[in-house]
Amino acid sequence: MDQQKLQALVPVNRADRVVKPVGAGFDNRIPQVLSNGSTRLTPITDSVVWNSRAFFKGPGAWNVDASVFKNISLTERVTMRFTADFFNALNHPNDPNPSNTLGLQDLSVQPNDPRIIQLSLRLQW
């Protein structure tokens, strides 16, 4: 390994590097002025989550489920109930979250389920 070539890629002086810890002391602590006027060095990990998913937010997703009931009296004591449940009733496509590595969305897929219809018949006596 050649030391000069390595230092050309990664400078010894931390202030010259492209990606470096923040703060005056390069210790990831930044000064914050408090309400009483005093200044406190606060670590950025207290207010920033360094998770790749925290840097961008995916699109909002929503879904609508609906049910329809019909009660039918067969006799005084016997009733029948017909139920139709519609899961993802409007069949609204939702976009997936961006990938962790590229930050791009794959619009050929959708994360929500297709429309599902469930029919039931219940007899009570």
*Return the only residue of 71, 63, 28 being among the polar types (S, T, N, Q) and modelled with pLDDT of 90 or more.*
71
*Answer yes or no: is there a residue in the stretch 39-46 that is surrounded by 10 or more Cβ atoms within 10 Å (Cβ to Cβ), at pLDDT below 80 and touching a Ser or Thr at 6+ places or on another chain (Cβ under 9 Å).*
no
*State the number of residues belonging to the stretch 84-111 that are touching a residue at least 24 places away in the same chain (Cβ under 8 Å) and under 30 Å from residue 68 (Cβ atoms).*
12
*Residues (exposed (fewer than 11 other Cβ atoms within 10 Å of the Cβ) and more than 24 Å from residue 43 (Cα to Cα)) located in the stretch 7-26*: 8, 9
*Neighbours by Cβ (under 8 Å, 6+ apart or cross-chain): first from the stretch 112-125, closer than 23 Å to residue 76 by Cβ; second assigned to a loop (DSSP other than H, G, I, E, B) and of a type outside the set (Phe, Trp, Tyr)*: 123/78; 124/78; 125/77; 125/78
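The values are calculated or read from the model by the stated rules, or taken from the named source; none is laboratory data. Keep in mind the model is a prediction, meaning the values are calculated, not measured. Note: ideal-geometry Cβ built from the backbone for every residue, glycine included; neighbour counts use all protein chains shown.
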